[in-house]
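See below for the structure under consideration.
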Amino acid sequence: MDRLMSRSEALAAAEELLRGEFGQEMRTERSDEVVLLEEDMIEYGTAWLVPFNSRTYVETGNPVKFLVPGACLAPKDVAIAPHFPPSALPVEEYLDKVRSR
């Protein structure tokens, strides 16, 4: 790794990924705003996990408004693109599998 991604860079990378997925306005098909949950970010040795969800879910807890996936992974190695980790594996297990390749 030549350079490690900072927390603020991880947040910006996650936002860019979500804009690519949900459009520049970051809205779902039903016009609900998608928000990053910066206060819930988790730092791992090799990546940042950046949670996100619909504003309606965050404000009301209505499970119908929960977005899946609900997090993006921003690898600290800036040469690796941010992406959505598989939802079938715990993040630690996924990172271990990626590291072992």
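Can you tell me which residue among 35, 98, 68, 58 is among the β-branched types (Val, Ile, Thr) and loosely packed, with under 14 Cβ neighbours inside 10 Å?
Being among the β-branched types (Val, Ile, Thr) and loosely packed, with under 14 Cβ neighbours inside 10 Å holds for just one of 35, 98, 68, 58, which is 68.
I'd like the residue in segment 38-55 that is touching a strand residue (DSSP E or B) at 6+ places or on another chain (Cβ under 9 Å) and of a type in the set (Gly, Ala, Ser) and, out of all such residues, is surrounded by the most Cβ atoms within 10 Å (Cβ to Cβ).
47
With respect to residue 6, is the statement that it is surrounded by fewer than 14 Cβ atoms within 10 Å (Cβ to Cβ) and of a type outside the set (A, V, I, L, M, F, W, C) true? Quick ask: steps written out before the conclusion?
Values: surrounded by fewer than 14 Cβ atoms within 10 Å (Cβ to Cβ): yes; of a type outside the set (A, V, I, L, M, F, W, C): yes.
So residue 6 passes the test.
Take the conditions on the phi < 0 side of the Ramachandran plot, without any contact (Cβ under 8 Å) to a residue 12 or more places away in the chain and not hydroxyl-bearing (Ser, Thr, Tyr) and apply them to residue 101. Does it pass?
yes
When segment 82-95 is examined, which residues are found to be exposed (fewer than 14 other Cβ atoms within 10 Å of the Cβ) and of a type in the set (A, V, I, L, M, F, W, C)?
The answer is 88, 89.
Determine which member of the set 62, 53 is of a type in the set (S, T, N, Q) and free of Cβ contacts under 8 Å to residues at least 12 places away in the same chain.
Residue meeting the stated conditions: 62.
Of the residues that make up segment 19-28, is at least one more than 25 Å from residue 92 (Cα to Cα), modelled with pLDDT under 95, assigned to a loop (DSSP other than H, G, I, E, B) and touching a helix residue (DSSP H, G or I) at 6+ places or on another chain (Cβ under 9 Å)?
yes
How do the pairs read when you match residues in segment 16-45 that are within 19 Å of residue 81 (Cβ to Cβ) with residues anywhere that are among the β-branched types (Val, Ile, Thr) and at pLDDT 95 or above, using Cβ under 7 Å and keeping only pairs 6 or more apart or on different chains?
What qualifies is 18/34; 22/34; 26/34; 36/50; 41/50.
Could you list, in sequence order, the residues of segment 1-18 that are hydroxyl-bearing (Ser, Thr, Tyr) and not in a helix (DSSP H, G or I)?
6
Take the residues of segment 71-80 that are in contact with a strand residue (DSSP E or B) (Cβ under 8 Å, 6 or more places away or on another chain) and part of a loop (DSSP other than H, G, I, E, B): which is surrounded by the fewest Cβ atoms within 10 Å (Cβ to Cβ)? Don't jump to the end; show me each part of the working.
Our first condition is that a residue be in contact with a strand residue (DSSP E or B) (Cβ under 8 Å, 6 or more places away or on another chain); within segment 71-80, this holds for 71-78.
Subset that is part of a loop (DSSP other than H, G, I, E, B): 76, 78.
Values: 76: 18, 78: 15.
Out of the qualifying residues, it is 78.
The values are calculated or read from the model by the stated rules, or taken from the named source; none is laboratory data. All values derive from a computational prediction rather than experimental measurement. All Cβ positions, even for glycine, are placed from backbone atoms using ideal geometry, and neighbour counts span all protein chains on display.
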